[in-house]
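Enquirer: Please read through the structure below; I'll follow up with questions.
The values are calculated or read from the model by the stated rules, or taken from the named source; none is laboratory data. Model, not experiment: these values are computed from the prediction. Here the Cβ positions follow ideal geometry from the backbone for every residue, glycine too, while neighbour counts run over all protein chains shown.
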Amino acid sequence: MLQLLLRLPPPVLAGLGSFLGALSTVSYLFSIADTDDREWLAWRRVYSTDELRAVWERRESDPLLLLIVVGKVFDVSAGRTYYGSEGAGYEGFASGYDNSRAFLTADFEHNSTDNLDGLTPPEYLGVEHWAQFYENHAKYTYAGVHRGRYFDARGRKTAARREYERNVAAAEAERAIHVARMLAATRCTVEAASGMGRGVWKAMSCEAPLVPRWLIIMDHGKLCVCLPYHEGDEAEPEDQERPHKYKTCAANATSCVARTG
C-alpha cells in the first residue's frame, strides 16, 4: 500500500493529505463528549500570548486590536479610541495578556492577572457582565480563544474555565434569590421633607421594628425597603444591590430624613 501511495503524483498526495487531515479533525470533534466544546471547536481559533502580543505591538501600522476576557478573544478594533493608545485608560485589556481581574477595577498596577481566585459572587458577576458586553456588542466581534489559563492548545475549556462558569452560575442563582426577596419586601413610606436646605429631601419610614434601607436593582431602579435591623448594618456594602443605610440616619432608626437628590 505504501509503495502504491508513493507512486501517486505530488498534487494527488497533497490533496489526499488535506482530505485525511480534515477527516481526522471531524473525527476528533465528534469524539468530544462535551457538546458545547464541540460546537465551539468547529470554528474557533486559538491564539497564543505571543500572537496576541504581536498584534498589540504592530497597532501603529495595523488597525487590528484584540482583547481577552476570561480566555475569550474579541476584535475591538472599532474601539481604538479606548483600547489602542497608551494612556487611553483601557489599553491594558488589548495588550496581549488576559487581565480579566482588572475588569473590576481598571487597576492594571495591582490587578493585571487572569487569576480570579477569591472573588465574591457579585465580583464574579461583574467580570461576567463585561464578558457578555463584548459577546453581544454591535461593533466588537468574537475572534477565538487564548491558550492559557482558561483554554488549552486545542481550544478546549480547562478546569479553570469550567470553575469560572460554575461560580458565575452560583452567583446568578444567589442574586436571583436576593432580588426576589428585596422586591417582595415592604416598601418604605416616603414623603417630601421641607426646610432641610438645598437639594431634594425625603422622609422614609417603616413600621417598627423594621428600618428603611436603600438599594438599586437593575431594571427596578433605586428602592427604599423595610428590613430587620442587624448588627453591622453601619457597614457600607460595595454592591449597590445590597441594602444600604441612609448616611444621615441611625442604623436602627425606623424613620429617616435624607437628601435624595
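Enquirer: Just checking, which of 184, 208, 160, 153 is under 22 Å from residue 74 (Cα atoms), of a type in the set (A, V, I, L, M) and more than 16 Å from the chain's Cα centre (by Cα)?
Expert: 153
Enquirer: Has segment 92-106 got any residue that is out of contact with any Phe, Trp or Tyr (no Cβ under 6 Å at 6 or more places or on another chain) and surrounded by fewer than 16 Cβ atoms within 10 Å (Cβ to Cβ)?
Expert: Yes - at least one qualifying residue is present in segment 92-106.
Enquirer: Turning to a different aspect of this structure: If I ask for residues that are β-branched (Val, Ile, Thr) and assigned to a loop (DSSP other than H, G, I, E, B), which ones from segment 216-261 would you list?
Expert: Here is the first cut: in segment 216-261, the ones β-branched (Val, Ile, Thr) are 216-217, 225, 248, 254, 257, 260.
Matches in segment 216-261: 248, 254, 260.
Enquirer: Wholly within segment 1-120, which helices (runs of 4 or more DSSP H) include no fewer than the required count, namely at least 2 residues that are at pLDDT below 55 and within 26 Å of residue 166 (Cα to Cα)?
Expert: Values: elements: 2-6, 10-31, 35-41, 49-57, 80-83.
Passing ranges, in order: 10-31, 35-41.
Table: residues versus (1) closer than 26 Å to residue 48 by Cα; (2) assigned by TED's automatic domain parsing to the domain that holds residue 240; (3) small (Gly, Ala, Ser); (4) touching a Lys or Arg at 6+ places or on another chain (Cβ under 6 Å).
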site	(1), (2), (3), (4)
154	yes, no, no, no
158	yes, no, no, no
189	no, yes, no, no
201	no, yes, no, yes
210	no, yes, no, no
219	no, yes, no, no
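Enquirer: Where in segment 135-209 are there strands (runs of 3 or more DSSP E), lying wholly inside it, with at least 3 residues that are touching a Leu at 6+ places or on another chain (Cβ under 9 Å)? Reasoning before the result, please.
Expert: Values: elements: 141-146, 189-192, 201-205.
In segment 135-209, the matching strands (runs of 3 or more DSSP E) lie at 141-146.
Enquirer: Residue 121 passes all but one of (1) in contact with a strand residue (DSSP E or B) (Cβ under 7 Å, 6 or more places away or on another chain); (2) surrounded by fewer than 19 Cβ atoms within 10 Å (Cβ to Cβ); which number fails?
Expert: (1)
Enquirer: In segment 221-241, what residues are free of Cβ contacts under 8 Å to residues at least 40 places away in the same chain and surrounded by fewer than 16 Cβ atoms within 10 Å (Cβ to Cβ)? Walk me through it before giving the result.
Expert: Of segment 221-241, the ones free of Cβ contacts under 8 Å to residues at least 40 places away in the same chain are 221-222, 224, 228-237, 240.
Result: 221, 222, 228, 230, 231, 232, 234, 235, 236, 237, 240.
Enquirer: Still on this structure, I have one more. Looking only at residues that are among the acidic types (Asp, Glu) and within 23 Å of residue 178 (Cβ to Cβ) in segment 124-168, which one is surrounded by the fewest Cβ atoms within 10 Å (Cβ to Cβ)?
Expert: Top of the filtered list is 163.
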